[in-house]
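Below: one structure, written as structure tokens.
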2 protein chains.
Amino acid sequence: MIYKLEVERSKLNNLMDMASKAVAKKTTNPILSGFKFSVKDNDLHLYATDLQTAFHGLIKNIIVEKVENINEDLFVENIEEGAETETLFEEISDENIKPEFVVDASYFIDIIKNLSFENINIYLENKNIKVIAGKSEFLLPTMNPEEFPEIVPNKVEEGLITFDRQKLLSMIEKVIFCSLKDSENMTRNLNGVYWDFREGGYLTLVAADGYRLALAELSMDIVNTPPSFLLSLKSMEELLNVLRSSKTEEIELFFDGSRVLFFLDEENIEIILNVVDATFPDYVRIIPQAFKTKVITSTDLLLNVLKRVSIAAKNDQIKMEIKDNIMELTAKSPEVGLAVEELEIEKEGEDIMIAYSPKYLREAIDHIGTSEVEFNITSESSQTMIKPVGDDSYMYIVMPVRLK
Amino acid sequence: MIYKLEVERSKLNNLMDMASKAVAKKTTNPILSGFKFSVKDNDLHLYATDLQTAFHGLIKNIIVEKVENINEDLFVENIEEGAETETLFEEISDENIKPEFVVDASYFIDIIKNLSFENINIYLENKNIKVIAGKSEFLLPTMNPEEFPEIVPNKVEEGLITFDRQKLLSMIEKVIFCSLKDSENMTRNLNGVYWDFREGGYLTLVAADGYRLALAELSMDIVNTPPSFLLSLKSMEELLNVLRSSKTEEIELFFDGSRVLFFLDEENIEIILNVVDATFPDYVRIIPQAFKTKVITSTDLLLNVLKRVSIAAKNDQIKMEIKDNIMELTAKSPEVGLAVEELEIEKEGEDIMIAYSPKYLREAIDHIGTSEVEFNITSESSQTMIKPVGDDSYMYIVMPVRLK
């Protein structure tokens, strides 16, 4: 007995794309680099996990058949011609074989993506699967599905929140780049995004790396405020990946105290993320309250200026001199030379001379999203707050560098 | 006295793009990583060279002025505001300073590319240049133009050939990928492209890396056949770069025995390439004459099949079984599994089983350019010749690998 599954290539492609970032990147446990596929009630389920981040999605109503042997199927009459094919195939002994298998995720994505036929047949055997599309045949080794970690969504009815997918996506994109990239034990609390729910129906997403912090806020219509939690950068990247590929309008959040479940109803997709057991710093304390200088200028003009001045800055600093209604940006390095640029500004408060890291300044301006940007400067040596003019839902806080 | 040059940004960009591959990549002599600019009769000349490959081009009729000091110019009245600017500027002492300078090529390209203004002013001083466009100012260190190697085109009237740019470009693209990438002393003769001129007005371009060889032929209307020569891969890449960016229809070739000059009249561009002093192998001997099996199939279908089968081959081999009117391609690796694909073919001669390197097979098919491709197979262990059906001006010869 062999299971035969008939799947549409484009649907399989889309589903695997969404699952791809949940797979373990580097792992000593090979099963975590695989996708688990499983047929239940004619739906093809896909699972991926690295034990902290998990994905579950499905393709509804695929065609599943049991065939006595692979020759019963018209498509495959010519399979047996290749000598290789025969020797690699194993006799199916177990009648109770379940319709499920685990394959290496990256090779499987690569193969399915490159097939020319839309109609794909997958034959399940003991230790292999055979993929047939038109005259393309692939015999692929599989891993034991029993060894694949169980992914149990375990929806909790309480604490349900519904997000607009686009709004949530945009919020995440505005903060995630500030997360600390490496995930060493001591700084594990910065290698992620903090979801801070507050009374009155506010959610604040916060990410920081020790030198800068980004914060995006959303006002929601909820009755019970759930506890706040921290999600790892890896988990956030998978969530972002799904939100970008998805066409669902609304996304639901469940939280059971240790795991967060995001559910995309229309597409039958679940993302299950383990909360990071670490304390996020008290970010409210870092938000500056009093400012010495406030400056407003054009976002686009500033971005273009920063592109050029950064060339001369290399990895050193960009000096910003605020004087009357002029912002002068300068940078220099022995290799490139000196760059000086001027911008017109609106200013409140004192003239000031201050310096920033080119990358940190530019990434802030990249995420402003409005035509004008506002700098709120406390001093040459303490936090600067940068925000879009006319949008109080976003702010970016950066430490200046010591003036050279 | 300061020279002031007024240049159009887009013209300068284009010219530097074309010159960019002539600059030395890794060098212990920093001047070779620079562009030399020089003003003669109101034309701005650009020179680049790594001593083997040289580029010379120009922008006609730029505006050149002598100003007493930088303050005379309206644009720059605000320069002096920045403290940095003043200290870095040097007093001009030499009245006889020549209007020429050398700047680091990659930084200069980066800066000019990112300017928002089309009108660029360049001020020449003793050891710096100042670039001003709108409110952007760059003060850049320069290198001594006296130290820049002289590039003398030295056109020889005899031996002139005129090429159609598009045809020459296409010929080069069809062979250059076969050149040996590394340029060690022992294999220097394969790290380039051989220009073989033959009686009757034929030019054959040949490139080989020891495992494969590509050959493109052109019939020309010439009286005197020039001697054949070998150009390095670096020189060929610069020539290719210019041919791709150029809009000139015709390109002229001069040869003085040791240097080849390509001249693009309409754009005033010269590329001067030192001939490599090494003997290219006798490639005619490698072209197989008798074939056991001849196969014709669809280029596009084969290319798609190769994309998929290569996934399973990884870096190993693709096995090709020719049987009647079917080509079966198989590949396997322990990690990915087994791939089997079938293609319909027209066949003459014997059935055969043969194997190739996936990369070498795929790159051949990538360059065929006609809807059908022809395989001329001599044996499992000797050269295969692959060519476009209906086009005798191109052939690709590859060694099969030992069947596993």
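The values are calculated or read from the model by the stated rules, or taken from the named source; none is laboratory data. For clarity, every value in this text was computed on a predicted model and none was experimentally measured. Methodologically, a virtual Cβ is constructed for each residue, glycine included, from the backbone with ideal geometry; neighbour enumeration extends over all protein chains shown.
The C-beta contact set for the range B:289-305 (first residue crowded, with 18+ Cβ neighbours inside 10 Å, second residue in a helix (DSSP H, G or I), distance under 6 angstrom, 6+ apart or interchain) comprises B:Leu302/B:Ile365.
Yes/no per residue for (1) within 30 Å of B:Glu348 (Cα to Cα); (2) in a strand (DSSP E or B):
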| position | (1), (2) |
| --- | --- |
| B:Glu266 | no, no |
| B:Ile272 | no, yes |
| B:Phe291 | yes, no |
| B:Ile296 | yes, yes |
| B:Leu302 | yes, no |
| B:Lys307 | yes, no |
| B:Ala312 | yes, no |
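Could you please let me know if A:Ile109 is modelled with pLDDT of 95 or more and within 12 Å of chain B (Cβ to nearest Cβ)? Reasoning before the result, please.
Working: modelled with pLDDT of 95 or more: yes; within 12 Å of chain B (Cβ to nearest Cβ): yes.
For A:Ile109, the condition - modelled with pLDDT of 95 or more and within 12 Å of chain B (Cβ to nearest Cβ) - is met.
If I filter the range B:305-320 for residues that are at pLDDT 95 or above and more than 33 Å from the chain's Cα centre (by Cα), do I get at least one hit? The answer is yes, given that some residue of the range B:305-320 is at pLDDT 95 or above and more than 33 Å from the chain's Cα centre (by Cα).
The set of residues in the range B:11-56 that are assigned to a helix (DSSP H, G or I), under 18 Å from B:Ile269 (Cβ atoms) and of a type outside the set (Lys, Arg) comprises B:Leu12, B:Asn13, B:Asn14, B:Leu15, B:Met16, B:Asp17, B:Met18, B:Ala19, B:Ser20, B:Ala22. Here is the figure for the range A:101-140: residues that are surrounded by fewer than 18 Cβ atoms within 10 Å (Cβ to Cβ) and assigned to a strand (DSSP E or B) total 1.
On the stretch given as the range A:5-46, residues that are among the β-branched types (Val, Ile, Thr) and within 21 Å of the chain's Cα centre (by Cα) total 2. Taken together, A:Thr279, A:Thr297, A:Thr293 contain a single residue that is away from every other protein chain (no Cβ under 14 Å) and touching a strand residue (DSSP E or B) at 6+ places or on another chain (Cβ under 7 Å), which is A:Thr293.
The number of residues in the range B:218-244 being in a strand (DSSP E or B), within 25 Å of B:Ser183 (Cα to Cα) and not aliphatic (A, V, I, L, M) comes to 2. When the range B:306-331 is limited to residues that are of a type in the set (Lys, Arg) and in contact with a helix residue (DSSP H, G or I) (Cβ under 6 Å, 6 or more places away or on another chain), the one that is surrounded by the fewest Cβ atoms within 10 Å (Cβ to Cβ) turns out to be B:Lys307.
Let's see how each residue does on (1) at the interface with chain A (Cβ under 10 Å from one of its Cβ atoms); (2) within 18 Å of B:Phe291 (Cα to Cα); (3) not acidic (Asp, Glu):
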residue	(1), (2), (3)
B:Met327	no, yes, yes
B:Pro334	yes, no, yes
B:Glu341	yes, no, no
B:Glu350	no, yes, no
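For the range A:18-69, a residue qualifies if it is among the charged types (D, E, K, R) and either on the phi < 0 side of the Ramachandran plot or crowded, with 18+ Cβ neighbours inside 10 Å (or both), and the qualifying residues are A:Lys21, A:Lys25, A:Lys26, A:Lys36, A:Lys40, A:Asp43, A:Asp50, A:Lys60, A:Glu65, A:Lys66, A:Glu68. Looking for whichever is among the basic types (Lys, Arg) and at pLDDT 95 or above here; the options are A:Lys127, A:Lys174, A:Lys181. Which one fits? Going through A:Lys127, A:Lys174, A:Lys181 in turn, the sole match is A:Lys174. Among residues that are more than 26 Å from A:Leu46 (Cβ to Cβ) and in contact (Cβ under 8 Å) with a residue 40 or more places away in the chain, A:Leu231 is not included. For A:Asn128, the criteria (1) over 14 Å from B:Ala312 (Cα atoms); (2) more than 9 Å from every other protein chain (Cβ to nearest Cβ) hold in every case but one, which is (2). Is one or more of the residues making up the range B:353-363 within 25 Å of B:Ala208 (Cα to Cα), in contact (Cβ under 8 Å) with a residue 12 or more places away in the chain, at the interface with chain A (Cβ under 9 Å from one of its Cβ atoms) and of a type in the set (Lys, Arg)? Within the range B:353-363, not a single residue is within 25 Å of B:Ala208 (Cα to Cα), in contact (Cβ under 8 Å) with a residue 12 or more places away in the chain, at the interface with chain A (Cβ under 9 Å from one of its Cβ atoms) and of a type in the set (Lys, Arg).
Among the β-branched types (Val, Ile, Thr) and either modelled with pLDDT of 95 or more or buried (at least 19 other Cβ atoms within 10 Å of the Cβ) (or both): does that describe A:Val193? Criteria met by A:Val193. Of the residues making up the range B:368-393, just one is touching a helix residue (DSSP H, G or I) at 6+ places or on another chain (Cβ under 7 Å), touching a residue at least 24 places away in the same chain (Cβ under 8 Å), buried (at least 21 other Cβ atoms within 10 Å of the Cβ) and outside any loop (DSSP other than H, G, I, E, B), namely B:Val373. All conditions but one from (1) at pLDDT 95 or above; (2) of a type outside the set (S, T, N, Q); (3) surrounded by fewer than 16 Cβ atoms within 10 Å (Cβ to Cβ) apply to A:Pro334; the one that does not is (1).
Within the range B:152-166, identify whether any single residue is of a type in the set (A, V, I, L, M, F, W, C), more than 30 Å from A:Ser310 (Cα to Cα) and buried (at least 18 other Cβ atoms within 10 Å of the Cβ), and answer yes or no. Before the answer, list the steps.
Taking the range B:152-166 first, the residues of a type in the set (A, V, I, L, M, F, W, C) are B:152, B:156, B:160-161, B:163.
If we keep only those that are more than 30 Å from A:Ser310 (Cα to Cα) too, we end up with B:152, B:156, B:160-161, B:163.
In the following step, the residues that additionally are buried (at least 18 other Cβ atoms within 10 Å of the Cβ) were identified as B:161, B:163.
Yes, that holds for at least one residue.
Looking across A:Leu403, A:Leu343, one residue alone is assigned by TED's automatic domain parsing to the domain that holds A:Leu301 and aliphatic (A, V, I, L, M). It is A:Leu343. Which members of the range B:246-292 meet the condition of being of a type in the set (A, V, I, L, M) and under 17 Å from the mean Cα position of the chain (by Cα)? Correct list: B:Ile251, B:Leu253, B:Val260, B:Leu261, B:Leu264, B:Ile269, B:Ile271, B:Ile272, B:Leu273, B:Val275, B:Val276.
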